[in-house]
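**Student:** The following block contains the structure, expressed as structure tokens.
The values are calculated or read from the model by the stated rules, or taken from the named source; none is laboratory data. Remember, it's a predicted structure, so these values are computed and weren't measured experimentally. FYI the Cβ positions are ideal-geometry reconstructions off the backbone, even for glycines, and counts take in every protein chain you see. Just so you know, the surface numbers come from the protein's heavy atoms only, side chains and all, with ligands and any DNA or RNA stripped out. Shrake-Rupley method; radii C 1.70, N 1.55, O 1.52, S 1.80 Å.
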Amino acid sequence: MVRTGLDVRAFEAVPGWVARRLRPHVDRAADEVLNELRRGDPPVGGEEAGRARAGIVAGIRHFCDLVEDPGAGWERVSAFYLRVGRHLARDGRDPVEVQQALRRSALAAWRTLAAVPGGLDLDLEALSLVVDAQFGYMDAVSEVIAAGYAAEVAARADGAADLAERRRRARLLHLLLADPPADEARVASLAAEARWPLPVTVAVAVARQRTEGGGRTPVVAADGLLCDFGAPEPCLLVPDPDRPGRPRLPEALLRDWAVAVGPAVPLARAADSLRWARETLSLAARGVIPDGGLIRSAEHVPALVISRAGELIDDAAATRLAPLSAVPPARRERLAETLLALLEHNFNAADASRRLRVHPQTVRYRLRHLQDLFGDDLRDPRRCLEMELILHARLVNRGAAR
């Protein structure tokens, strides 16, 4: 609440019947003053007349509120005129407009009391109290309106400054992601304008909405992050991602968006981190890797490497997995899945069974079959590594096909 110099003691001393006699005649009093304004030179226009009448009515009614309940009444009145001051600033109007309405409301109040039988049946002391209360009310309200106006002007200035800084940071983000890297002097100059200290290393993240057409553009409130969700490919840049206290992505962002982050790299290689982040998000979109939470490319290196191997792995598969071609298709798929699980778990049947969600004895049975098919290749570390990569590639390709 805005604190002002309103002295409510003047309102406490005003007889309560003053407010009771005024209230029933508020609209008529406002209409009379408004008619005078319309006949004036120059006449008041329709829109301005409507605002003037509303201001007169509000002024008289708020004065009555203060007479009837000086303490709580002022809290309500000051909150109302604080909003009025803010709206004046938003609409580009002058606070003098409301101050004129307050003077008109005072005039209308006196005319109404004079017109009501017995309305001015006040002794000089009571009359002085009404005058003091009314002038104190007008001064205090003018002060509140000015405070609301100033607060809105300051907020709009801060908002404009924040918007300008966000735009500078978005330009800086895309400059840092340029390939080949942008000129260092230009980067340093824009970073200084954006008030963003240049880090030693960065990690770049890309994002996509989990549901098409849904969700709002997120507001990433973490200090230090560069982000641009207005771009065709929304992305973020995390400075010095390995240091303690680094900026964290908001939980709401990770709930509504799939976000993949590339590896930490030197600042000049930010485009490399972006490239890996894109590939990681692509694999997640195809169902090759999980897309829950923050998807880190460093945790999915095999899938990323395989996704780039392409034709080389396809050619190698024809040779390395040739023994499986002699097995019927349905059984071939089960053996291939079992072989991959065994390779990933160093041929530990118990661990592989948990991965496959089958009984360990089933895995041991399939392992014996695989040993019959592949022979010494399953004891050769190089051959095992090749087969693991090839089988991972099959998983990637299946995800792409889906």
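**Student:** Can you figure out the FRET efficiency of Val327 with Val305, using R₀ = 30 Å and their beta-carbon distance, to the nearest 0.05? The partial results should precede the final answer.
**Tutor:** Values: r = 28 Å, r/R0 = 0.92.
It comes to 0.65.
**Student:** Ranked from highest to lowest mean number of other Cβ atoms within 10 Å per residue, what is the order of the peptides 141-153, 350-362, 329-341?
**Tutor:** 141-153, 329-341, 350-362
**Student:** At a Förster distance of 35 Å, what's the computed FRET efficiency of Ala298 paired with Ala155, Cβ-Cβ distance as r, to 0.05?
**Tutor:** According to the calculation, E is roughly 0.25.
**Student:** Please give the contour-minus-distance gain from Thr319 to Arg23: 0.36 nm per residue of separation, less the Cα-Cα distance, rounded to one decimal in nm. Present the calculation step by step, with values, prior to reporting the outcome.
**Tutor:** Details: separation 296, 0.36 × 296 = 106.56 nm, distance 9.73 nm.
Separation in residues times 0.36 nm, less the Cα-Cα distance, equals 96.8 nm.
**Student:** Between Ala231 and Asp31, how high is the FRET efficiency from 1/(1 + (r/R0)^6) when r is the Cβ-Cβ distance and R₀ = 45 Å? Nearest 0.05.
**Tutor:** 0.20
**Student:** Let me ask something else about it. Mind checking the log10 I(q)/I(0) for segment 319-360 at q = 0.28 Å⁻¹? Debye, one equal scatterer per Cα, no solvent, two decimals.
**Tutor:** -0.92
**Student:** Multiply the residue separation of Glu184 and His359 by 0.36 nm, subtract the distance between their alpha-carbon atoms, and state the gained length in nm to one decimal.
**Tutor:** So the chain would gain 57.1 nm between Glu184 and His359.
**Student:** Accessible area per residue of segment 316-379 at 1.4 Å probe, in Å²? Working shown, then result.
**Tutor:** Working: 3740 Å² over 64 residues.
Heavy-atom SASA per residue in segment 316-379 reads 59 Å².
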